[in-house]
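Beneath this line is the structure, given in structure tokens, with notes to follow.
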Ligand code: FAD
Ligand code: UDP
């Protein structure tokens, strides 16, 4: 018997388990995958830490969260600065003076602002209702057409006019020459990858892999007094109100017999006709100088049963469906729902750590 059964050895589950174990609370953590770490799992290939489920850059302005994760790893000084490829044109991201000067041959912030204003003058967008309006309002038609529309519609599989505006507001917009993809105070990649962080968090926790909750709980219904569930909330309730939509991602990973394939960790392909959204060259996250390199092409796909759900699609239809599941979740006093899938939120890692710490303090304070 355990105090807690934690479903999902991703970041949320691991932080909760670590906090519980530190208080002497008995936890069992299970995962259906053959490894710990969830989507932040990294694996060593040719001496390179490969981000198996997509590029993960830790960035936060939350000092407590930053100090917390730094207990488990030393972070390097990597600053994410993706490059966008549109046909044979290359642009710096996020949208900043380097992007605008390349796009329009201009030099000053005033010229860039005037260009954007001129492009949107006739569109008359006051309160943007969707991603398309939001993007146009922020950066004008050229940047929208070349760097946003194709990429976003590939990533989300929906027209920009049917996506929530907040998604594009994740990216900084700057009238400075600054290619840092994030505005956060702290940023870096854990030296040695993410998996050792999760290993350290789970050092004093019982772990069982290759174990699906729904099978396991049939066999061991009394295994713990409480459950922390970080899988998909709609699956937990047997899709009783219908299925929430997710985007899934497929990675094609290759080892190349060359030292430096693309000169940057992240290169986005923003044209619709290129089937993948981006290529990750993993060694550049840690400034690697290995003789070979590993690259992953990232293809976005609609989630279907059996695939991995990655991104919640937080549009109105899904958010209102989620609220029904949230109502049911609140009634289940012995189950706590957490993480990206358990709460159907497009959470970055720092927000997941914060949420797990808060859940742990609320829960474990009571014991
Ligand atoms: P997960 O990591 O998904 O863990 C959930 C675990 O539960 C999984 O291991 C799963 O196998 C397991 N599970 C589910 N159902 C069951 C079941 N029935 N039985 C047993 N086990 C089950 N964040 C950043 O801060 N920076 C980034 O650069 C960044 N890049 C990202 C790139 C991509 C492509 C994606 C998809 C996400 C990215 N994120 C990034 C977000 C980050 O991945 C998440 O915030 C974080 O991993 C969420 O942790 P979690 O524990 O909630 O979920
Ligand atoms: N985006 C874009 N062009 C790019 C990169 C991003 O239009 O080259 C948009 C796209 O809508 C995407 C959003 O910005 O969904 C957020 O991008 P981010 O890199 O934060 O996505 P994630 O890392 O979560 O995949």
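From the alpha carbon centroid of the range 212-268 to that of the range 1-19 is 16 Å. The packing ranking of peptides 263-273, 318-328, 213-223, 34-44, highest mean first, is 34-44, 263-273, 318-328, 213-223, where packing means the average number of other beta carbon atoms within 10 angstrom of each residue. Which residues does a label at residue 243 reach in the range 195-230, if reach means a backbone N under 11 Å from a point 7 Å past the Cα toward the Cβ? Hits in the range 195-230 for residue 243 at 11 Å: none.
Measuring nothing but how far apart in sequence close Cα pairs (under 8 Å, 6+ apart) lie, relative to its length, the range 191-289 scores a relative contact order of 15 percent. Using the Cα gyration tensor of the range 12-112, with a ≥ b ≥ c the square roots of its eigenvalues, what is the shape: rounded (a/c below 1.5), prolate (a/b larger than b/c) or oblate (neither)? The shape class here is prolate.
Quick check on the range 147-216: take the gyration tensor over C-alpha atoms, sort the square-rooted eigenvalues as a ≥ b ≥ c, and tell me if it's rounded (a/c under 1.5), prolate or oblate.
Here the range 147-216 falls in the oblate category.
Each peptide in 250-261, 181-192 was scored by the mean count of other Cβ atoms within 10 Å over its residues; highest first, the order is 181-192, 250-261.
The range 117-192 and the range 299-367 have their alpha-carbon centroids 25 Å apart.
The angle between the Cα long axis of helix 316-331 and the main principal axis of the chain comes to about 20°, on a 0 to 90 degree scale. Protection proxy ranking, highest mean first, for peptides 341-354, 3-16, 301-314: 3-16, 341-354, 301-314, where packing is the per-residue count of other beta-carbon atoms within 10 Å, averaged. Within the range 162-178, which residues have the backbone N less than 12 Å from the label spot 7 Å out from residue 316 along Cα→beta-carbon, could you tell me? It comes to 162-164, nothing else. Between residue 88 and residue 252, how high is the FRET efficiency from 1/(1 + (r/R0)^6) when r is the Cβ-Cβ distance and R₀ = 30 Å? Nearest 0.05. In this case the efficiency is close to 0.85. From the Cα gyration tensor of the range 306-367, with a ≥ b ≥ c the square roots of its eigenvalues, which class applies: rounded if a/c is under 1.5, or else prolate if a/b is larger than b/c, or else oblate? Because a/c hits 1.5 or more and a/b fails to exceed b/c, the range 306-367 counts as oblate.
Values in this text are rule-based calculations from the coordinates and carry no lab data. Values in this document were obtained by computation on a predicted structure and should not be read as measured data. Cβ: placed from backbone, ideal geometry, glycine included. Neighbour counts: every protein chain shown.
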